[in-house]
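Everything below concerns the one structure shown next.
The values are calculated or read from the model by the stated rules, or taken from the named source; none is laboratory data. Quick caveat, the model's predicted, so the values are computed rather than measured. All Cβ positions, even for glycine, are placed from backbone atoms using ideal geometry, and neighbour counts span all protein chains on display. We work out accessible area using only protein heavy atoms, side chains counted, and drop any ligands, DNA or RNA first. Shrake-Rupley method; radii C 1.70, N 1.55, O 1.52, S 1.80 Å.
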Protein chains: 2
Amino acid sequence: MYNLILYNVYLLFNQKQMDYLKLENQACFPVYALSRVLTAHYKPILDGIDLTYPQYLVMLILWEHQELSVKEIGEKLLLDSGTLTPLLKKLENKQLISRTRSTADERVLMIRLSKNGATLKKKAVSVPESFKCSLGLSIEEMGALRDTINIILNRTKQINK
Amino acid sequence: MYNLILYNVYLLFNQKQMDYLKLENQACFPVYALSRVLTAHYKPILDGIDLTYPQYLVMLILWEHQELSVKEIGEKLLLDSGTLTPLLKKLENKQLISRTRSTADERVLMIRLSKNGATLKKKAVSVPESFKCSLGLSIEEMGALRDTINIILNRTKQINK
DNA sequence: CAAAATTAAATTTTGTACAATTTAATTTTA
DNA sequence: TAAAATTAAATTGTACAAAATTTAATTTTG
């Protein structure tokens, strides 16, 4: 924050303009790159339970809620049906979930944790610790990262509501 | 930071354990979600210059450097040839870049900004400001976000070197 | 210096992502 | 209540993204 002010004073003093078309000045690129770096760290860990990272996210939600519609899963993960439909079919093929249309409203497809899916949670409990070790960040650093990004994420959500 | 300490005291006091398998406690998910949210904000803006977000990143680099190998572009963007090769071919089809093998080492493919590619920068200068308005965050907030993520990103790079 | 190792891209395969369209079901409303 | 509007998924098409393999060129080394 202070560095930014100092830098702007420096720019002003030197009659320079911040070059917003330089990669180093981009705010979005580090987020985009970090997202891929973090997913890459998850890869070897999640290979052990035969899940990709987005599949793991769906399983996390179902371990909390047992049964949700495709729409509800999409709202939680900010993903649409074009992404979720094939992904959920893969989880069904792995017998981790069931896909059944709601009798009350047949437009709604209910996703339910299967017995195998519930059992998988026992294997998955070690994932967060393995990930933490792989990444080499402390719990505090990861918590701070999570909170910082969540603030920005919630701000952008409010803007778009 | 203080909230985290307080929360841990609360967990300890109530004999509870932080549930690292809950979506809300994930550090990676907000980064992954924010990355997609930010890219979505770029979409309508970059449509105006017929670029996708990863293509825009490549152009940003070339506006700075004019000529780089595929490998060098990959190092800057943390992307491998499997992603870059088809992307660069699309930029070549749009006549924004040229792809020529180095005479010194024919394994190396040099990517060069074309005249059209250089001209496109004039249209692109408005992109950062449009993006800022679309997102609704201040320059300070975006700068702070960039710096925070860059610290984490550099930490993970050091770990993997 | 020739075989072995390394390197740089390209290719292939699998898996997201998302926009746009379609289909089927449900709600709203004239 | 039947047509219009809305909603939820699925489908289609385009574009990454990364792992693994292949190809071709260059270096290293016995």
(message) Averaging the inverse of every distinct alpha carbon separation and then flipping it gives the Kirkwood radius. What is it for segment A:26-159, in angstrom units?
(response) 16.4 Å
(message) Less than 12 Å Cβ to Cβ from B:Leu120, Lys/Arg counted +1 and Asp/Glu -1: what total charge do the surrounding residues give?
(response) +4
(request) Between beta-carbons, use under 15 Å as the cut-off and find the net charge around A:Gln66, counting Lys and Arg +1, Asp and Glu -1. (result) +3
(request) Give the relative contact order (percent, whole number) for segment A:68-161; include only Cα pairs under 8 Å separated by 6+ residues. (result) 19 percent
(message) Give the average, rounded to an integer, of partner chain Cβ atoms located within 10 angstrom of each Cβ in B:134-141.
(response) 4
(request) Starting from the amide H of A:Leu51, placed 1.01 Å from N in the peptide plane, find each other amide H under 5 Å away whose residue is 5 or more places distant or on another chain. (result) none
(request) Kindly point out which whole DSSP H helices in chain B project their C-alpha atoms 27 angstrom or further along the helix axis while averaging a Kyte-Doolittle hydropathy of -0.5 or above. (result) B:28-47, B:139-160
(message) Inside 10 Å of the C-beta atoms of A:98-109, what's the mean count of C-beta atoms belonging to other chains?
(response) 0
(request) Quantify how strongly other chains surround peptide A:87-96 by giving the mean number of their Cβ atoms within 10 Å of each of its Cβ atoms. (result) 0
(request) Report the accessible surface area buried between chains B and A, summing both sides, using a 1.4 Å probe on protein heavy atoms only, in Å² rounded to the nearest 100. (result) 5800 Å²
(message) I'd like the GluC sites (Glu not before Pro) in segment B:59-122 restricted to DSSP loop residues with at most 13 other Cβ atoms within 10 Å, sorted by number.
(response) B:Glu106
(request) Please sort by residue number the trypsin sites (Lys or Arg not before Pro) in segment B:50-109 whose DSSP state is loop and whose Cβ has at most 16 other Cβ atoms within 10 Å. (result) B:Lys94, B:Arg107
(request) With N denoting the number of residues in the protein assembly as shown, provide Rg(C-alpha) divided by 2.2 N^0.38 Å, to two decimal places. (result) 1.12
(request) Along Cα→Cβ, 7 Å out, is where each label goes; now give me the distance between the ones at B:Glu106 and B:Ser138 in nm to one decimal. (result) 5.9 nm
(request) Enter the Cα centre distance for the pair segment A:95-161 and segment A:70-86, rounded to the nearest angstrom. (result) 12 Å
(request) Could you name the lysines whose alpha carbon sits less than 18 Å from that of B:Lys123, not counting residues in the same chain fewer than 8 places away? (result) A:Lys22, B:Lys43, B:Lys94, B:Lys115, B:Lys132
(request) Give, rounded to the nearest 20 debye, the magnitude of the charge dipole that the protein assembly as shown has about its Cα centre when Lys and Arg contribute +1 at Cβ and Asp and Glu contribute -1 at Cβ. (result) 640 debye
(request) Kindly rank B:140-146, A:121-127, A:34-40 from highest to lowest mean number of other beta carbons found within 10 Å of each residue. (result) A:34-40, B:140-146, A:121-127
